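Visitor: My questions all concern the structure below.
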Amino acid sequence: MERTNLHILTESPSLANHFVAELRDITVQGDSMRFRRNLERLGELLAYEISKTLPYTSTTLTTPLAQTSTLLLTEQPVLATILRAGLPLYQGMLHYFDKAYSTFVGAYRVEEENTELVINMEYLASTDLHDKILILADPMLATGRSLLKAYEGMLRHGKPKQVHFAAAIASPEGIALVRQHVPEAMIWLGALDERLNERAYIMPGLGDAGDLAFGPKI
């Protein structure tokens, strides 16, 4: 797979491997608080890596002893996520981009037998996105259709100048679709998995991130 604009944390030895391993492990998944915390910690690592690509400016500040200079972000990004599964990953990013404005989208897949997978979007609360740096966090980038529908909805509130998509785990099929429709986006992953199964779930994946974080839906 072409690696331009694609960054995968678990391709190098780091704590990201531990966090992703616990997210997948069925012996750990029963602890929903730990599952949420691992998503948060992965979000923190992703935010740190993304921060290295953002614009900075040299700033002078005064310590108790002298003046010194440092590099500070020129502007804060806008953080966005898809409810409900994206909340822990988003929260981890918010720990690092703690002055960022936020955008929230309610989108979900409708699964019916013998019909094409449908994505419903019923809620969007967005700040102004015109000429902003946008980071959209969604833990599972499976087909990519939920992420694209959310992003296309956000464009009603302005065209970002820079776009980052962040996920804990993604499929090659999802990456391909996102690149087809938003080729300028930088994609940041905890891990890239093998494929989608017949129900459009990531394999080997980890299951339903929303249910594992917050309890099963009815």
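Bear in mind that the values in this text are calculations on the coordinates, not laboratory data. Here the structure is a predicted model, which means the values were calculated and not measured. Neighbour counts run over all protein chains shown; Cβ positions are idealised from the backbone, glycine included.
Visitor: Those residues that are over 13 Å from the mean Cα position of the chain (by Cα) and not small (Gly, Ala, Ser), I need them from segment 156-174; list them, please.
Guide: Arg156, His157, Lys159, Pro160, Lys161, Gln162, Pro172, Glu173, listed by residue number.
Visitor: Then there's this: Among the small types (Gly, Ala, Ser) and either in contact with a His (Cβ under 8 Å, 6 or more places away or on another chain) or in contact (Cβ under 8 Å) with a residue 60 or more places away in the chain (or both): is that true of Ala125 in this structure? Steps first, answer last, please.
Guide: On the way: among the small types (Gly, Ala, Ser): yes; either in contact with a His (Cβ under 8 Å, 6 or more places away or on another chain) or in contact (Cβ under 8 Å) with a residue 60 or more places away in the chain (or both): no.
So Ala125 does not fit the description; no.
Visitor: Which numbered condition trips up Tyr96, out of (1) in contact with a helix residue (DSSP H, G or I) (Cβ under 7 Å, 6 or more places away or on another chain); (2) closer than 27 Å to Ile218 by Cα; (3) hydroxyl-bearing (Ser, Thr, Tyr)?
Guide: Result: Tyr96 fails condition (2) only.
Visitor: Here are some conditions: (1) of a type in the set (Asp, Glu); (2) within 30 Å of Lys161 (Cα to Cα); (3) in contact with a Phe, Trp or Tyr (Cβ under 9 Å, 6 or more places away or on another chain). Glu22 meets all but one. Which one does it not meet?
Guide: Only one criterion is unmet by Glu22, namely (2).
Visitor: I would also like to ask the following. Identify all residues within segment 15-71 that are hydrophobic (A, V, I, L, M, F, W, C), within 18 Å of the chain's Cα centre (by Cα) and either surrounded by fewer than 19 Cβ atoms within 10 Å (Cβ to Cβ) or under 28 Å from Ile133 (Cα atoms) (or both); write none if there are none. Before you say what the answer is, go through the steps one by one.
Guide: As a first pass, look at segment 15-71 and keep what is hydrophobic (A, V, I, L, M, F, W, C): 15-16, 19-21, 23, 26, 28, 33, 35, 39, 42, 45-47, 50, 54, 61, 65-66, 71.
Then keep just the ones that are within 18 Å of the chain's Cα centre (by Cα); that gives 15-16, 19-21, 23, 35, 39, 42, 45-47, 50, 54.
Leu15, Ala16, Phe19, Val20, Ala21, Leu39, Leu42, Leu45, Leu46, Ala47, Ile50, Leu54 - these are the residues of segment 15-71 that are hydrophobic (A, V, I, L, M, F, W, C), within 18 Å of the chain's Cα centre (by Cα) and either surrounded by fewer than 19 Cβ atoms within 10 Å (Cβ to Cβ) or under 28 Å from Ile133 (Cα atoms) (or both).
Visitor: Right, another one. Looking only at residues in segment 184-218 that are free of Cβ contacts under 8 Å to residues at least 40 places away in the same chain and not charged (D, E, K, R), which one is nearest to Met33 (Cα to Cα)?
Guide: Among residues in segment 184-218 that are free of Cβ contacts under 8 Å to residues at least 40 places away in the same chain and not charged (D, E, K, R), the one nearest to Met33 (Cα to Cα) is Pro216.
Visitor: Still on this model: Within segment 60-79, take every residue that is of a type outside the set (S, T, N, Q) and in contact (Cβ under 8 Å) with a residue 24 or more places away in the chain and give me the one that is farthest from Met154 (Cα to Cα). Walk me through how you get there before you give the answer.
Guide: So the first thing to find is which residues in segment 60-79 are of a type outside the set (S, T, N, Q), and the list is 61, 64-66, 71-73, 75, 77-79.
Among the residues that remain, those that are also in contact (Cβ under 8 Å) with a residue 24 or more places away in the chain are: 75, 77-79.
Values: Glu75: 20, Pro77: 15, Val78: 11, Leu79: 12 Å.
Only one residue fits best here, namely Glu75.
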